[in-house]
1. Can you report the number of residues in region A:273-285 which are surrounded by fewer than 20 Cβ atoms within 10 Å (Cβ to Cβ) and part of a helix (DSSP H, G or I)?
2. Taking into account only those residues within region B:84-97 that are under 16 Å from the mean Cα position of the chain (by Cα) and surrounded by 15 or more Cβ atoms within 10 Å (Cβ to Cβ), which is farthest from the other protein chains (Cβ to nearest Cβ)?
3. Between residues in region B:146-161 that are β-branched (Val, Ile, Thr) and residues that are in a helix (DSSP H, G or I), which pairs lie under 8 Å by C-beta distance while being six or more apart or on different chains?
4. Taking region A:296-342, which residues are without any contact (Cβ under 8 Å) to a residue 40 or more places away in the chain and under 22 Å from A:GLU12 (Cα atoms)?
5. Just give me the residues in region A:213-257 being among the charged types (D, E, K, R) and in contact (Cβ under 8 Å) with a residue 60 or more places away in the chain, in sequence order.
6. Where the second residue is crowded, with 23+ Cβ neighbours inside 10 Å and of a type in the set (S, T, N, Q) and the first is within 7 Å of another protein chain (Cβ to nearest Cβ) and in a loop (DSSP other than H, G, I, E, B) and lies in region A:155-171, which pairs have Cβ atoms under 6 Å and are six or more apart or on separate chains?
7. Condition check: more than 12 Å from chain B (Cβ to nearest Cβ), within 19 Å of A:ILE239 (Cβ to Cβ), in contact (Cβ under 8 Å) with a residue 12 or more places away in the chain and not aliphatic (A, V, I, L, M). Does A:GLY131 satisfy that?
8. Would you pick out the residues in region B:60-73 that are at pLDDT below 90 and facing chain A (nearest Cβ under 10 Å)?
Amino acid sequence: MNLDTLLPNLGEWLRGTGPESDVVVSTRIRLARNLADYPFTGRATPAQKSEIVSKVKEAIARVELPFKLDYHDVPAMSVLDRQFLVERQLISRELAAVLEGPRGVAFDDKESASVMVNEEDHLRLQILRSGFALDDAWTDIDKLDDALETRLAYAFHTQFGYLTACPTNVGTGLRGSVMLHLPALGLTKQIDKVFRALQKINLAVRGLHGEGSRAFGDLYQISNQVTLGKSEQKILGEIKEVILTILQYERQARAVLLKERKQAEQDRVARALGTLGSATMITAEETMELLSVVRLGIHLRLIDDVPATAVNQLFIQTQAAHLQKLVGHALDGEERNAARAKYLKARLRDIGSHR
Amino acid sequence: MFCDNVATVHLTDIVNKKKREAHLCEKCARERDLLPETAGKAIDLKALVNLMMAPDPAQFAPSATVPVALQCPKCGLTYAAFKGEGRFGCSHDYDVFRSVLEPLLERVHRGTAHTGKLPAAARDAARVARVAGLRTEMASAIASENYEQAARLRDLIREMETAQ
């Protein structure tokens, strides 16, 4: 399989054009589903996992969907390709590197719908959208779920709902996550206060790549913890309410920045662009921190010649696996930092020449 | 279990490698002096030990010690393995481990019953059950000569049967 064709493209969720895209980068909903009559993935034999893969592949090929899902076999993939799909948010780190045996992922060419097979649960359906779009994402994933269910018998319990390997996902099996860019709350040191409030109402906060990942570049994912005892609409409604509040806080903090230290911010943005465009070695972390400053500068209208989409793109394309695919071969840490700097310089020059 | 209220106080005690658990509601825990009068962190250790050592098996819920011996006949998952991994092995585990699962779900989700989307098959079953219930209602309405009500139920049944 050749994933290189994906390289110049960009998942639709990264366009940065959706609702509230000054603060909300993307919206994601996933549903955990298991097939009746098979043990959960953790206890399934390789033969059973193979059967599950065949059943899901057949179902995907036969159901009617508004998009075409192509299946990719993970064990057959190189380590680099797997990491590449993790960076694209199409598979989990577990599916890529921790789990064993037959497993894979099906996704469409816009990279907005994906189905992981034999992750912790037999099926993990996902819809990714640009901006704040929980309702649209729910409509899409509900349809995808209904379509697959016509071909696959799900494990369902009259009391507990959709059964999952981990009881923390049981019931709806639903996790709604919204990725936020909150640089102003970070700068004004209010971010911790916001997150403490979130934890009290049972919402989780994570970094860009989900569980356990650090929040680089002021990117945070907010998601629900509770999956049982509330309807999907209620769960999503609660997330929505909280996001709207955080949106307000972030915008207020941005307004204060503009009012009180516009000159200093202007300088910070110019220096960030300067470093990104002239460094010869740069780490992924520093890149994300600087891109975050540039992204804020765009939305504060301190600069108008760098498109937001380009910055969103660079967040993903300067990550390790993307860089190595761009260069065409494996790179060690130092080489990667040099390649990253070279790539950034070229891209920013490119953007500059279109000014 | 001491009463029918939801258990919010959970005690675990290990004596000579034997594990015992007790689940009490706040009221029962207060009656047994397990909770300090004012909201604080300290637990009355003496009262706790007394409770755990209580010789009367009726007073100390015997079922609380059973989970250790639970094992799924289908996938072979033991209670110890579940506690260690936090993952179930198969769908049947939800019934096999129900007694320990429900308090866990209560803590994690503050709920123990699904109220969201249903698979089409379950939706159909729910509709069939509802229609059967309406038929019974209609029969008793006819028996009590409440024809207006019976006609209303008949229309409702028709509507539900033609839907989908």
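The values are calculated or read from the model by the stated rules, or taken from the named source; none is laboratory data. Treat the numbers as computed from the prediction; the structure is a model and nothing was measured. Neighbour counts are summed over all protein chains in view; Cβ atoms, including those assigned to glycine, are modelled from backbone coordinates with ideal geometry.
1. 6
2. Here is the first cut: in region B:84-97, the residues under 16 Å from the mean Cα position of the chain (by Cα) are B:92-97.
The next check asks that each one be surrounded by 15 or more Cβ atoms within 10 Å (Cβ to Cβ); those that pass are B:92-94, B:96-97.
Values: B:HIS92: 9, B:ASP93: 9, B:TYR94: 5, B:VAL96: 12, B:PHE97: 9 Å.
My answer is B:VAL96.
3. Taking only residues 6 or more apart or on different chains, the pairs are B:ILE157/B:VAL131; B:ILE157/B:LEU134; B:ILE157/B:ARG135; B:ILE157/B:MET138.
4. A:ILE298, A:LEU314, A:GLN317, A:THR318, A:LEU323
5. Step one: filter region A:213-257 for residues among the charged types (D, E, K, R), giving A:214, A:218, A:230, A:232, A:234, A:238, A:240-241, A:250-251, A:254.
Of everything in region A:213-257, those that are among the charged types (D, E, K, R) and in contact (Cβ under 8 Å) with a residue 60 or more places away in the chain turn out to be A:ASP218, A:GLU232, A:LYS240, A:GLU250, A:ARG251, A:ARG254.
6. What qualifies is A:ALA155/A:ASN34; A:ALA155/B:SER91; A:LEU163/A:ASN34; A:LEU163/B:SER91.
7. Numbers: more than 12 Å from chain B (Cβ to nearest Cβ): yes; within 19 Å of A:ILE239 (Cβ to Cβ): yes; in contact (Cβ under 8 Å) with a residue 12 or more places away in the chain: yes; not aliphatic (A, V, I, L, M): yes.
In short, yes.
8. So in region B:60-73, the residues at pLDDT below 90 come out as B:60-70.
Once the filter is applied, which keeps residues that are at pLDDT below 90 and facing chain A (nearest Cβ under 10 Å), region B:60-73 yields nothing.
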